[in-house]
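Working notes for the structure below.
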Amino acid sequence: MFAENLNELASILNGRLHGKTAPDPVRHVETDTRHGFKPNTVFFALRGHNFDGASFLDHAARRGAMAAVVASDVDTPTPLPLIKVTDPLRALQTLAARHRKRFKAPLLAVTGSNGKTIFKDFLTGILGRDRFVISSPGSYNSQVGTALSLLRLQPEAEAAIIEVGVSQVGEMDHQRAMVQPDHGVLINIGMAHLEGFGSRKMIAAEKLKLFADMRRGNLLLPDDPLLADYVPQKETVLYRGDDAQLPRLLQVQAVAPGQAQLLFRFHNAGEQALDLAVDASFREVFATIEMGVRAAFLMGASAENIIAGGGAYRPPHARMEIWKAQNGAVLANDSYSSDPVSALAALRVFNHYPERRKIFIFGGMTELGQGGNYQHEVVGEEAARQGVDQLLTIGDLPGRTAQVFQQRRGADACRRFESVDACNAYLSQTSTAEDIILVKGPRALGLQQIGVHFKERLAQTVYYINLSRIRHNLMVFKDRVPPGTRVMVMLKAFAYGTDASHVANYLQPHVDFFGVAYTKEAVNLRRAGVSGRILVQLVRIEDVDEIVALSLQPVVFSLEVATALSRAAKAAGKTVKLHLKVDTGMGRFGVFPHQVADLGQAISALPGLEIEGLMTHFSAADDPNDDAFTQKQIDLFKQARDHLAARGIHPRLLHAAATSGVVRRPDAHFDMIRLGLGMYGIYPSPAVAEEIQLKCPIALVSRIGSLKSYPADYPVSYNRRFTTPRESRIAFVPLGYHDGLSRALSNKGYVRIAGKKAPIVGAVCMDFTPVDVTDIPEAKVGDPVLILGEWQNQAIRVEEIADLEGTIPYEILCRLSERIQRIYLLDED
Ligand SMILES: *Cc1c(COP(=O)(O)O)cnc(C)c1O
């Protein structure tokens, strides 16, 4: 809790409360309306260079904020109580500092020019083995991020690790006042970004300010001549890299591709080996890891926990955008940054597309200092190892990469281009539907232009699908079920309209089974390289050979299909593991509970079949009014299990719960859960929404195709279903019911342009939709239009659209036409 009520909050923040106070305590704060708000949240409307939080007050109100903190000059009308302060950012920091003071466990603050997030994640993994550790989420280390991290401190925690960054001189004073570290670590000073001794010195001075108020505790500094004269505060214990007390990295050894073994000497526990899933050439990473081991040691971790916890560390993923081009090729663009860690991480994208021809477009890496040549060679090695078929380099920077790659794969597999344009021209002539093209290089090179010829042929409407967020949601569900519960991800209907092959390849490592409706869908997944287990719901006799040949697993509820499967399995010399389905009240597929024993027994007698699973499906688990009915389904399912057991049949995997069941019926998790809608951040019903918080991974975005002004009293679109009540400006969005935007939204739905609501007026047409932008005078042709989902601080919930047109969110998602361009985002946030 941050304050007893709004009055108290206003007084803490030195602000003035306008509007009604509520008796409720303030429990949470948010600065971003894209996040789901918990009850009792106050929204801080921060200002940045390109945004003003105050323009999202509306959104915050709808998210259920209890109040907002705004700058004193804000006069936007809003139903929210407002606390006006001089500077909302400083107010947030004041609150964070106050909250931090109440936290009594040791707080370690880490700063440095790079590797802070790796250090923090690595150390958290070690300390987390025997104590409750809170650490900054993601790479929250800015002025805002650090404050939000501190506001997450909970009194029960036994340690905290807080990342602190600065981007300008002067910022550290604010950070220090908030963070008040007990222990400190400086990882490194400007090794990558800065030339010239003078500015490095300035950076060092700025970073060291973080520790200026430390009175006790340990301070760990790197071996850097720049710090040789540093004198800490009186009782702070200073450790430098060469301290004999500290664990020392003796040796790094490559043990397998992407696997390194680090040998440490502990002065009290002898030599210990740490196994890491990192390429052995990552020198920068190892320096950071060594710091992490030392910090863990200083925080009291045992050598045993350091080795076990550190070994579980996995380096972060790349950040990329994945397009499916019109010609069918897949284009993975990762040109945000280019350094060895992210380049090698980006190459892993090829793992997800085993069946495709692999093309790697590389612009090289900058900011490498001494090891530049060597690091470029490592990338060439790794590209060859990943089975890259063609390496296309641009400019001179990646020369060494090309050299090494050529030695492995031959001169033909490599081409060099002077410019991005030349490379583009080559690609447009040679790229085919079978390609996966990875684009990687420094931002300054303009590699985003690669594939422009794909983008130009795009429809104006793009469907963004954030795979990292889908994975996040999957993990949220996994956290709700007991460890060891299996997970099936349902990929029917084109993976709810998101395209099954991308989702499947990306989630494969986290999933035990995929589920589809029809055999055809499973065949497509196999073609796309999905090698895991796939359960097919509706198998026809005509499908049995394919089921056997592709090692698919059928759901069975008829002896006829079972007999055909047995025959096919026997002919191929294989065993088919099937799942029996019971109809406990869904009224769709499956045998009734009293029939299951006979069917099970008959199937057991057939050769080549094994009853691996027993399943049922709930009819209304989303609806509290039907909880008694769901209970009856659960009871009948257990009876079916018992009937089978009485005949000596014990399926290993019992499963019943889909999204709603997982969330609302912990008593129905059994051995496996089957997830669909929830992974897309959508709640099947309000009762489900109350229980779980998911991220929205999708956004359907179009552009204004044309604009026209009409006099008052003029009809718009088919059948004159709308007549302008005043002089009006109408925008036409190039998307209609052919794309999956329901005609039922005519005169009912809305879109968002520049953060504002633009109502759909008149009839939705086949390829166009008219929207009223009279009140958005800044709207112009080409401006982005949000149709559904979450995008750039705007949101339209799919649930809301479903309500407007009288259907369920499921239908909205899977109706989106396959002609809409899908772009996949990988972005750990
Ligand atoms: C579609 C489906 C699911 C997933 O349902 P969601 O509500 O989308 O989670 C689970 N099991 C079966 C049998 C299904 O057909």
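We did not get these values from a lab; they are worked out from the coordinates using the rules stated. No experiment lies behind these values; they were computed from the predicted model shown. No Cβ is skipped: glycine too gets one built from the backbone with ideal geometry, and neighbour counts run over all protein chains shown.
Hydrodynamic estimate: the Kirkwood radius of the stretch 538-681 over Cα pairs, inserted into Stokes-Einstein at 25 °C and 0.890 mPa s, corresponds to D of 157 µm²/s. Ordered from longest to shortest, the equivalent ellipsoid semi-axes for the stretch 532-615 are 20, 14, 10 Å, each the square root of 5 times a Cα gyration tensor eigenvalue.
Run a plain Debye calculation on the stretch 59-188 (Cα atoms as equal point scatterers, no solvent) and give log10 I(q)/I(0) at q = 0.11, 0.16, 0.19, 0.21 Å⁻¹, rounded to two decimals, same order as the q list. Log10 I(q)/I(0), no solvent term: -0.44, -0.82, -1.03, -1.17. Computed from the Cα positions only, the extents of the stretch 373-463 along the three principal axes stand at 43, 29, 23 Å, in decreasing order.
Sorted fewest first by neighbouring Cβ atoms within 10 angstrom, Arg200, Arg647 come out as Arg647, Arg200. Once the other residues with Cβ under 14 Å from the Cβ of Ala569 are scored (Lys, Arg +1; Asp, Glu -1), what is the net sum? In short, -1. One decimal place: the segment Leu559-His510 gains 14.3 nm when fully extended, by the rule 0.36 nm per residue minus the C-alpha distance. All alpha carbon pair distances within the stretch 646-692 were sorted into 5 Å bins beginning at 0; the resulting P(r) in whole percents reads 5, 22, 25, 19, 11, 7, 5, 4, 1.
Both radii come from the Cα set of the stretch 695-802: Rg as radius of gyration, Rh as Kirkwood radius; their ratio Rg/Rh reads 0.95. Fraction of C-alpha pairs exceeding 53 angstrom in the chain: 19 percent, rounded to a whole number. Each of Arg90 and Lys20 was given a label point 7 Å from its Cα along the Cα-to-Cβ line. The distance between the two points is 3.3 nm. Computed on the Cα atoms alone, the convex hull of the stretch 80-128 gives a volume of 152 cubic angstrom per residue.
With N the number of residues in the stretch 36-78, Rg(Cα) / (2.2 N^0.38 Å) evaluates to 1.10. Only helices enter this figure: runs of n ≥ 4 DSSP H residues, each worth -39500 (n - 2.57), summed and divided by the residues of the chain, yield -9000 deg cm²/dmol at 222 nm to the nearest 500.
Taking every DSSP beta bridge that has both ends in the stretch 1-135, the antiparallel portion is near 35%.
For the stretch 522-550, backbone nitrogen atoms closer than 11 Å to the point 7 Å from Thr575 Cα along Cα-to-C-beta are found at no residue.
When only alpha carbons are used to place a centre, the stretch 411-441 and the stretch 766-829 end up 33 Å from one another. Shape summary: the stretch 691-731 maps onto an equivalent ellipsoid whose semi-axes, from the alpha-carbon gyration tensor, are 34, 14, 10 Å in decreasing order.
Here the chain is treated with +1 on each Lys and Arg Cβ and -1 on each Asp and Glu Cβ, and its dipole about the Cα centre works out to around 360 debye. A protection proxy built from the mean count of other Cβ atoms within 10 Å ranks the segments 118-125, 599-606, 718-725, most packed first, as 118-125, 599-606, 718-725.
Computed from the Cβ-Cβ distance with R0 of 30 Å, the FRET efficiency linking Ala744 to Ile541 stands at 0.20. Per residue, the convex hull spanned by the alpha carbons of the stretch 42-115 comes to 151 Å³. DSSP bridge analysis restricted to the chain gives an antiparallel fraction near 40%, rounded to the nearest 5.
On the basis of the beta-carbon distance and an R0 of 25 Å, Val781 and Glu805 show a calculated FRET efficiency of 0.35. Working note: Debye formula, equal point scatterers on the alpha-carbon atoms of the stretch 407-524, no solvent; log10 I(q)/I(0) at q = 0.18, 0.22 Å⁻¹ is -1.06, -1.26. For the listed peptides 19-30, 548-559, a ranking on the average number of other beta carbons within 10 Å per residue, highest first, reads 548-559, 19-30. Net length available on complete extension from Asp275 to Lys201 is 23.1 nm, with 0.36 nm assigned per residue and the Cα-Cα distance removed.
Average 1/r across all pairs of distinct alpha carbons in the stretch 1-145, invert it, and you get the Kirkwood radius: 16.5 Å. Dividing the convex hull volume of the alpha carbon atoms of the stretch 320-439 by its residue count gives 95 Å³ per residue.
Positive-end ranking of Ser501, Pro554, Leu644 along the dipole of the chain, with charges on Cβ about the Cα centre, is headed by Leu644. Considering only Val733, Ala444, Ala383, the residue lying farthest towards the positive end of the dipole of the chain is Val733, judged by Cα position with unit charges set on Cβ. Think of each Lys and Arg Cβ as +1 and each Asp and Glu Cβ as -1; about the Cα centre, that makes the dipole of the stretch 637-796 roughly 320 debye. Take the convex hull of the alpha carbons in the stretch 623-708; its mean projected area over all directions comes to 8.9 nm².
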